[in-house]
Amino acid sequence: MTEYTEDAVKAELRAWLEENWDPNLGLFEWRGRLAESGWGAPYWPKEWYGRDLPVAMNSVVEATLKEFGTPLTAKKGAAILAGATMIAHGTDLHREKFLKRSLTGEDTWCQLFSEPGSGSDLAGATTRAEFKGNKWVVNGQKVWTTSAHLADYGILLARTDWDVPKHKGLSYFILNMRQPGVEVVPLKQMNGHASFNQVFFTDAEIEPEFMVGELGDGWKIATTTLMHERRGADSMKRNVQVTDRPERIYREEAEEIATALAPYTWYPQRAGRVDLVFERARETGKNTDPAVRQEIAKLMIMAKSAEWTAQRARTAQDMGREPGPEGSIGKLVNSEIARVANTVHTMISGADAMLSGEDSPRDGLIAEILISTPANSIAGGTDEIQKNIISERVLKMPKEIRVDADKPFRDVPRNTVSTER
């Protein structure tokens, strides 16, 4: 295809679907067809399960697939981030081994970045990878790792050099999560869910060919992953509808969604559930309270502005632009929206908001909102980190003074017990 108009793309895809779509196929088999044809990730290179289409055509392709009622490629966990990173920085071996299986959903991924002493200061990671014999040997700990208990592979940021500044001593790996030496421990949250995990490494091994990029390239490659993560922060809200159609492919898709989305069931609550505010105000009679009405108006203005910012980010992506400041701006604004929504729900429900279970409004849903919203200001980079990114990279303000930027990492004081030997 040389003509990249919407009509041309739709016509070619529809012709392909008429020949290939069969709801009695297995889910993996269907996604394999999508991947091999290039329609599963159409903006990827042709040689790597794509069609070299402009990114703007991705939404056209997805809309056409949905018209036919076909499942899309897998959207589970960190698979999208891993795929995007391997397209940008990986070797042909990485792409051959992992890309197709990530699209089909046969492999599940997690992101092994944050640590107990360096969640926001990602470059301060102390999990170490040492080259011993003919393999990399990993020791240390990661935390806040979503879906690690389900993952087959993890994208890992580890320290490989303690004698250079912290940003230069990191390397990026693909780690097999199903090996001895990898222990996953769920973390129970105060809202009752356990979607995050601690991951402990004790002499876990990585073959040398599963380093991504060169030795010391970890920070640069992790930045690529994070840009895609911030841009796609709301991806779990889309493309996850379950259908009750009886054919095999829909049954298998429903089973996958139930498993893959289990860790994310509380995510709408951590965002503040702005969608419930009008309904809650009416059912409690608070829609006539002028103070409550004023706060609701503020919340809705913020929410609508954030929606427009997100639309700008998606439009930029559709135009093929690199991820820009909209990701950090949008994430920061969403944290504020969650806090304001928390206040509004409290004003509407009053002291009842503190109850849980059957006695609580909406069977505990309002209480879950109140104790889940703080996560929005932490997950995926704290508010403080987003403010630094916006001030330094977008507004071009002077960078804050960093006393550890040029020191060998070995000499930098840390707030945890070092894992260095």
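The values are calculated or read from the model by the stated rules, or taken from the named source; none is laboratory data. This structure is a prediction, so every number in the text was calculated from the model and none was measured. We place every Cβ from the backbone using ideal geometry, glycine too, and count neighbours over all the protein chains shown.
Of everything in the stretch 37-55, what is over 18 Å from residue 71 (Cα atoms) and not aromatic (Phe, Trp, Tyr)? Give them in sequence order.
45, 46, 47, 51, 52, 53, 54, 55
Output yes when any residue across the stretch 155-168 is assigned to a loop (DSSP other than H, G, I, E, B), among the small types (Gly, Ala, Ser) and modelled with pLDDT of 95 or more, and no when none is.
For the stretch 155-168, residues assigned to a loop (DSSP other than H, G, I, E, B), among the small types (Gly, Ala, Ser) and modelled with pLDDT of 95 or more: absent.
Determine which single condition residue 66 fails, assuming it passes every other condition in (1) over 17 Å from residue 222 (Cβ atoms); (2) crowded, with 22+ Cβ neighbours inside 10 Å; (3) without any contact (Cβ under 8 Å) to a residue 60 or more places away in the chain.
In the conditions (1) over 17 Å from residue 222 (Cβ atoms); (2) crowded, with 22+ Cβ neighbours inside 10 Å; (3) without any contact (Cβ under 8 Å) to a residue 60 or more places away in the chain, residue 66 misses (2) alone.
Tell me which residues, restricted to the stretch 354-379, are among the small types (Gly, Ala, Ser), surrounded by fewer than 18 Cβ atoms within 10 Å (Cβ to Cβ) and at pLDDT below 90.
Listed by number, the residues that qualify are 356, 357, 360.
Does at least one position in the stretch 76-91 carry a residue that is among the β-branched types (Val, Ile, Thr), outside the structural domain of residue 184 (by TED's automatic domain parsing), surrounded by fewer than 16 Cβ atoms within 10 Å (Cβ to Cβ) and closer than 21 Å to residue 215 by Cβ?
Scanning the stretch 76-91 turns up at least one residue that is among the β-branched types (Val, Ile, Thr), outside the structural domain of residue 184 (by TED's automatic domain parsing), surrounded by fewer than 16 Cβ atoms within 10 Å (Cβ to Cβ) and closer than 21 Å to residue 215 by Cβ.
Considering only residues that are over 11 Å from residue 313 (Cβ atoms) and in contact with an Asp or Glu (Cβ under 9 Å, 6 or more places away or on another chain), look in the stretch 328-342 and name the one that is surrounded by the fewest Cβ atoms within 10 Å (Cβ to Cβ).
Among residues in the stretch 328-342 that are over 11 Å from residue 313 (Cβ atoms) and in contact with an Asp or Glu (Cβ under 9 Å, 6 or more places away or on another chain), the one surrounded by the fewest Cβ atoms within 10 Å (Cβ to Cβ) is 336.
Considering only residues that are outside any helix (DSSP H, G or I) and among the polar types (S, T, N, Q), which ones fall in the stretch 353-396?
Those that are outside any helix (DSSP H, G or I) and among the polar types (S, T, N, Q): 356, 360, 382.
Conditions first: (1) closer than 22 Å to residue 106 by Cβ; (2) buried (at least 18 other Cβ atoms within 10 Å of the Cβ); (3) at pLDDT 85 or above. Residue 222 passes all but one, so which condition is the exception?
(1)
How many residues does the stretch 32-50 hold that are in contact with a Lys or Arg (Cβ under 9 Å, 6 or more places away or on another chain) and surrounded by 18 or more Cβ atoms within 10 Å (Cβ to Cβ)?
11
Need the failing condition index for residue 54 against (1) buried (at least 16 other Cβ atoms within 10 Å of the Cβ); (2) closer than 22 Å to residue 314 by Cβ, just the number.
(1)
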